[in-house]
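Trainee: Input: one structure, supplied below.
The values are calculated or read from the model by the stated rules, or taken from the named source; none is laboratory data. All figures in this text were calculated on a predicted structure; none of them were measured in a lab. As a convention, Cβ positions derive from the backbone with ideal geometry for all residues, glycine included, and neighbour counts pool all protein chains shown.
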Amino acid sequence: DTAVSQTPKYLVTQMGNDKSIKCEQNLGHDTMYWYKQDSKKFLKIMFSYNNKELIINETVPNRFSPKSPDKAHLNLHINSLELGDSAVYFCASSEGPQSANEQFFGPGTRLTVL
Amino acid sequence: AQSVTQLDSQVPVFEEAPVELRCNYSSSVSVYLFWYVQYPNQGLQLLLKYLSGSTLVESINGFEAEFNKSQTSFHLRKPSVHISDTAEYFCAVSDQGDYKLSFGAGTTVTVRA
């Protein structure tokens, strides 16, 4: 069974569209994250939720809106997509929010905005 | 917030040769240090971490890293690499008590026969 899964794996869309990426973890973890990995492979935290509560909200355009319907799910909705949003988006989870905890990453969603 | 510098963006190495990947971080009172590995087309996996105690930490597949507080470094080493070690390696740091990890830009290790 996949521990952290994301859908879709690939997403190709036009500028201006709205799209969502979904993430689910079956590890029983309390904390989930969204990261953005750019074309130079630089990885940056975007959001983190602990028990459905937002605890990290980095400087991200408000076109990006995370939603956590329950502890096992964290979705990312992106409005009015721009060329610069093209990247690989990784979901991750950990037992708790403390940075000492190992983070388990999903396989990534490669978003291409044309 | 921490910043992390991985000094080598690409490291080509022959099979069975040693490899060292360098990582330096900005100074802080107390930190947690991590190395994550990303195999092609996969998510990141934890390789090893330093939280406290012995400054030398090891992974199950032969990697080790040493925390050097005076040099603010956490270099990763393996005495003999395999083809399967071809991957992207990320150093990450956080302040103790913080929620966030700061990642370095990654080092691409390519192992050739």
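Trainee: Return the residue satisfying two criteria in turn: it lies in segment B:57-93 and is of a type in the set (D, E, K, R) and touching a residue at least 40 places away in the same chain (Cβ under 8 Å), and of such residues it is nearest to the other protein chains (Cβ to nearest Cβ). Full working, then the answer.
Mentor: Taking segment B:57-93 and keeping what is of a type in the set (D, E, K, R), we get B:58, B:64, B:66, B:69, B:77-78, B:85, B:88.
Next cut, touching a residue at least 40 places away in the same chain (Cβ under 8 Å) only: B:77-78, B:85, B:88.
Values: B:Arg77: 21, B:Lys78: 20, B:Asp85: 17, B:Glu88: 6 Å.
Among those that are of a type in the set (D, E, K, R) and touching a residue at least 40 places away in the same chain (Cβ under 8 Å), it is B:Glu88.
Trainee: Under 7 Å by Cβ, and 6 or more places apart or on different chains, what pairs join a residue from segment B:17-29 that is over 14 Å from B:Cys91 (Cβ atoms) with one that is surrounded by fewer than 20 Cβ atoms within 10 Å (Cβ to Cβ) and at pLDDT below 95?
Mentor: Sorted first by the residue in segment B:17-29, then by its partner, the pairs are B:Ser27/B:Thr72; B:Ser28/B:Asp95.
Trainee: Of the numbered conditions (1) touching a Leu at 6+ places or on another chain (Cβ under 9 Å); (2) under 24 Å from A:Phe105 (Cα atoms); (3) surrounded by fewer than 18 Cβ atoms within 10 Å (Cβ to Cβ); (4) more than 14 Å from chain A (Cβ to nearest Cβ), B:Gln96 satisfies every one except a single condition; which is it?
Mentor: (4)
Trainee: Could you please let me know if B:Gln96 is touching a residue at least 60 places away in the same chain (Cβ under 8 Å) and not aliphatic (A, V, I, L, M)? Steps first, answer last, please.
Mentor: Numbers: touching a residue at least 60 places away in the same chain (Cβ under 8 Å): yes; not aliphatic (A, V, I, L, M): yes.
When the stated conditions are applied, B:Gln96 passes them.
Trainee: Here's something else I'd like to know. Looking at segment B:33-48, is at least one residue without any contact (Cβ under 8 Å) to a residue 12 or more places away in the chain, surrounded by 14 or more Cβ atoms within 10 Å (Cβ to Cβ) and outside any loop (DSSP other than H, G, I, E, B)?
Mentor: Just the residues of segment B:33-48 that are without any contact (Cβ under 8 Å) to a residue 12 or more places away in the chain, to begin with: B:41-43, B:45.
Now drop any that are not surrounded by 14 or more Cβ atoms within 10 Å (Cβ to Cβ), which leaves B:42-43, B:45.
With the extra rule that they be outside any loop (DSSP other than H, G, I, E, B), the set shrinks to B:45.
Looking for residues that are without any contact (Cβ under 8 Å) to a residue 12 or more places away in the chain, surrounded by 14 or more Cβ atoms within 10 Å (Cβ to Cβ) and outside any loop (DSSP other than H, G, I, E, B), one finds at least one in segment B:33-48, hence yes.
Trainee: Would you point out the residue of segment B:10-32, among those that are assigned to a loop (DSSP other than H, G, I, E, B) and modelled with pLDDT under 95, that is surrounded by the fewest Cβ atoms within 10 Å (Cβ to Cβ)?
Mentor: B:Val29
Trainee: Same structure, new question: Would you be able to say whether some residue in segment A:29-42 is modelled with pLDDT under 95 and part of a strand (DSSP E or B)?
Mentor: Yes; the residues of segment A:29-42 include at least one that is modelled with pLDDT under 95 and part of a strand (DSSP E or B).
Trainee: Need the failing condition index for B:Ser52 against (1) buried (at least 20 other Cβ atoms within 10 Å of the Cβ); (2) in a loop (DSSP other than H, G, I, E, B); (3) of a type in the set (Gly, Ala, Ser), just the number.
Mentor: Result: B:Ser52 passes all but (1).
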